[in-house]
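The next block holds one structure in the form of structure tokens; read it before the comments.
We did not get these values from a lab; they are worked out from the coordinates using the rules stated. Just so it is clear, the structure is predicted and the values come from calculations on it, not from any experiment. Cβ sites come from the backbone with ideal geometry, for glycine too, and all protein chains shown count toward neighbours.
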Amino acid sequence: MAPPVSILSLNHALRLPARPRGPAVAVFAVEPARWARPEASARQWRFVAEWLVELRAGLDARGVPLVVRRGPEAEVIAAIRAAPDAAPGSIPEAAALGLGFDPCPRRQRGGAAALAAARGDAARMAAHRAWGCVPVRGRARLAALAGAHALDSRPLLGVAAPASADDAGFAAWAAGRTGWSIVDAAMRRARASGVFAPGAAELAQALAVHVQGIEWRRAGTHLARLSTGFDSAPFWLAMQDAAGLTNADPGRLLARLARGAPSGGADALRAARAGLARRRACPIFQGSARDLAMRLGRPEPKPRRADARQIEMDLPWPE
């Protein structure tokens with residue numbers, strides 16, 4: 001009887017796996033839903049595709065084929081398990097996934113050489129960490145899992161800033177032509193390389209939402225498409241914080257913007273801080289536990305029984 005074939009999925013760990021003891025097949029599922037999302041961009045897929053080309057060569061040297069298939073990961077793995085001798089399949093081009101034109105002249109590359117060159121640079125390591133090209137263990141792994149859970153479960157407690165920017169205002173912000181030097185430099189760098197310095201995307205989001213009047217989801221989606229290292233859970237948590245939709249205070253971001261403010265920027269920041277203060281002064285937060293529970297969509301807390309202490313005292317004492 002032939003030994004069972006091990007299936008090695010690379011979707012969450014885009015790196016050479018440990019050597020299997022028996023026959024194995026490596027699988028990468030190109031999930032249509034993942035690449036049809038508005039945050040997806042060609043620069044992100046090209047980074048992944050370059051890693052897949054290099055991993056296919058490394059796995060072939062070990063006698064392990066890398067099968068690339070389109071479809072949800074669970075369905076692809078089930079199909080390969082049923083037919084482990086399937087053809088490896090080709091690595092699709094970005095256009096074949098419906099990803100539009102995405103000029104990025106200094107685009108971050110995928111592969112072991114690019115990973116080695118990025119060591120020590122947190123901004124350039126972000127993409128390799130997001131795709132599991134380096135192992136993430138211990139507290140970092142727990143933090144990533146906690147972030148994904150928080151994104152799915154936590155309510156948005158704040159009030160979104162009103163969107164007042166027109167298409168021309170959005171285009172100027174996206175192109176790095178707002179006059180706010182610290183953000184303009186970050187946007188131009190990200191457009192050309194797909195890399196944001198730590199904290200730069202949050203600054204760009206704060207400027208867009210609180211000063212430029214751009215709707216927070218629209219701004220966040222554009223920043224996600226620019227970033228080769230886009231990682232959904234931590235990214236959107238940071239975007240919500242910068243937009244003032246959570247308990248985090250974006251005032252520190254507005255303070256940083258003052259360093260590169262254009263003429264008239266101080267007045268714009270004062271207006272932004274005043275608007276933020278009005279939106280965050282929601283009376284629900286000074287209300288009762290019942291009010292807060294209603295705001296969060298949770299059941300109303302049950303009042304404590306007046307005789308709870310007496311009931312506790314009447315319980316039989318353990319022998």
Given points 7 Å out from each Cα along the Cα-Cβ axis, report the ARG177 to VAL53 separation in nanometres with one decimal. 3.4
Would any residue of segment 25-46 have its amide N under 17 Å from a label point 7 Å out along Cα→Cβ of ARG218? List them or say none. 38-39
Using amide H atoms built 1.01 Å from N in the peptide plane, name the residues 5+ places from ARG70, or on other chains, whose amide H lies under 5 Å from its own. VAL30
If I model a spin label at ALA266 and ALA113 as a point 7 Å from the Cα along the Cα→Cβ vector, what separation in nanometres do I get? 5.2
Would you calculate the separation in nanometres between label points at ASP60 and ALA79, each defined as 7 Å from the Cα along the Cα-to-beta-carbon direction? 2.2
Over all alpha-carbon pairs of segment 208-267, lay out the pair-distance distribution in 10 Å bins, whole %, shortest bin first. 20, 48, 29, 3
Bins of 10 Å from zero: percent of alpha-carbon pairs in segment 1-115: 13, 44, 32, 10, 2, 0
Dimensionless Rg over Rh [segment 167-283; C-alpha; Kirkwood]: 0.94
What does the highest-first list of 57-63, 34-40 look like by mean Cβ count within 10 Å? 34-40, 57-63
